[in-house]
Each structure stands twice: as structure tokens, then as C-alpha cells.
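Visitor: My structure is below; once you've seen it, I'll send some questions.
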């Protein structure tokens, strides 16, 4: 699997999407993926977006292959400067973690092109690298994972996540999601030992992500470990 991920990375690049045309590609891929699983109703525009896409603490990252967006993840960085994030709307009790002085990463709208899935390309691992690398770049204390129950086993077994709250209805989705959380600084070395391709890969420069600084909307806690509420 390691070699397959590296080989796929050689043919891909990560792009932080900022302008309207680029984001439209992401919104259309979202629609395609969520419709493929019958998770959202049809709409004439064939796009999937919401007001959180325009938050100041939001970062859109896409995986591109042959100039086509094949995967994407939306990130919200939560700190004392900006506490806006979609998952907080559904699980407001997670705010006690922020109130205790911790920072959160809320990755949502995790999508992979259905055709790429059929080709058995490991794009889900390339997409999972996005939040993992973001936790390191932004020095995040806690990573969230709002996922359907049937998708939770991988996070729980291999990525150091724990169940925080049982499934609830998520705005705009037909299927409920549960909330998983990970104290990323405690589990980072363990995850990298198991999946070294989640870290920096010197031999593949395009595997890096040029995350924006978000200086006015996010500030790290500066701690080496999680602080309990």
C-alpha cells in the first residue's frame, strides 16, 4: 500500500482553492460524491456548498490529477479568535474543549471522485493527508471527525480517534453522523510509524501543501499536550 500511495502522489498535486472558478470545481465534485451515496437531494445547479465555505477560518484543499480535481477536504481552524465551524453547530458541547484553551481542526466535506474509487487509486489516503498535515502546520490540539458510523472503524483503530458523541442529524445530509475526536499531538508519532506517507515526503515536492497562515482568524494554543475541560 505504501508504494501505491507514493506512486499516486507522484501524479497528483495539492492546491489550496481560493477563487470562485476553482471552488466551483470542488462544489461540483462534492455534489457528485454525495449524490452517488444518496446523501443529499438533487438540485438543478449540481453544486453543494453552504455559508461555512466562506468563513474566514476556512481552508479548501483539493487533490488534482491531470488538471482535474479528484479529491477535496474543507478545513475549519477553531481557536479563541474564531469559533465558527460546521461540526460545532451539530455538536455544540465540543466547545468546552475550546473554552479550556485548546484549538480544533474541523475537517468536513471529505470527497473522492467516484471514478477514481473504481480505478482503485488510493486517493482516500491522499485526502486524509490533508487534515493530518494541517494539524501539524497549524499546531492543532484536537482533530474532529464527523463521520457516519460505518466509516468510523478506520479512524478508531488506526488514527487514534475516540468516540465523542453518538450519531446525530447533520444539516443538509440525509444520513446521521457521529463525532470522533483525536488528541493529535499524543498520537502523531504512532500514526506516522504506521503510515509514513502522512508526513513530509522529500522525494515528492508536490506532496507538500501551501497552507495559508490565517493570522487574523486562528492562533495556536502553544501547548505540547491537550488540556482537559
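Quick note: the coordinates plus some simple rules give every number you see, no bench work behind them. The structure presented is a predicted model; accordingly, all values stated were derived computationally and were not measured. Here Cβ is always computed from backbone atoms with ideal geometry, including for glycine, and neighbour counts include all displayed protein chains.
Visitor: By how many nm would the segment from residue 99 to residue 193 lengthen if fully extended, with 0.36 nm per residue of separation less the alpha-carbon distance? Mind dumping the intermediate values first?
Guide: Numbers: separation 94, 0.36 × 94 = 33.84 nm, distance 3.18 nm.
Taking 0.36 nm per residue and subtracting the Cα distance, the gain is 30.7 nm.
Visitor: Rounded, prolate or oblate: which one fits the range 155-211, using the alpha carbon gyration tensor with axes a ≥ b ≥ c (rounded when a/c is under 1.5, else prolate when a/b beats b/c, else oblate)? Could the numbers behind the result be given before it?
Guide: Details: a/c = 3.28, a/b = 1.73, b/c = 1.89.
The shape class here is oblate.
Visitor: Per DSSP H run of n ≥ 4, the term is -39500 (n - 2.57); total these for the chain, divide by its residue number, and report the mean residue ellipticity at 222 nm rounded to 500 deg cm²/dmol.
Guide: Working: 8 runs with 73 residues, N = 229.
Theoretical 222 nm ellipticity from helices: -9000 deg cm²/dmol.
Visitor: Scan [x] 29, 25, 15; [y] 25, 22, 18; [z] 37, 17, 15 for the value of semi-axes √(5λ) of the Cα gyration tensor in Å calculated from this model and give just the label.
Guide: Only one option fits the structure, namely [y].
Visitor: Calculate, in nm to one decimal, what residue 153 and residue 42 gain on full extension: separation in residues at 0.36 nm each, minus their alpha carbon distance.
Guide: On the way: separation 111, 0.36 × 111 = 39.96 nm, distance 2.93 nm.
Length difference between fully extended and current span is 37.0 nm.
Visitor: Quick one: grab Rg to one decimal and Dmax as a whole number for the range 37-81, Cα atoms only, in Å.
Guide: That works out to 13.6, 39 Å for Rg and Dmax.
Visitor: On to the next question. Arrange 218, 158 by Cβ neighbour counts within 10 Å, fewest through most, would you? Can you show the working numbers first?
Guide: Values: 218 23, 158 13.
Taking fewest neighbouring Cβ atoms as first place, the list is 158, 218.
Visitor: Another question, then. Select from 19, 82, 38 the residue whose mean-square fluctuation is largest in a Gaussian network model of the chain (Cα-Cα springs shorter than 10 Å).
Guide: Greatest mean-square fluctuation among the candidates belongs to 19.
Visitor: Between residue 137 and residue 7, what length in nm is gained on full extension when 0.36 nm per residue of separation is reduced by their alpha carbon distance?
Guide: Answer, rounded to one decimal: 44.4 nm.
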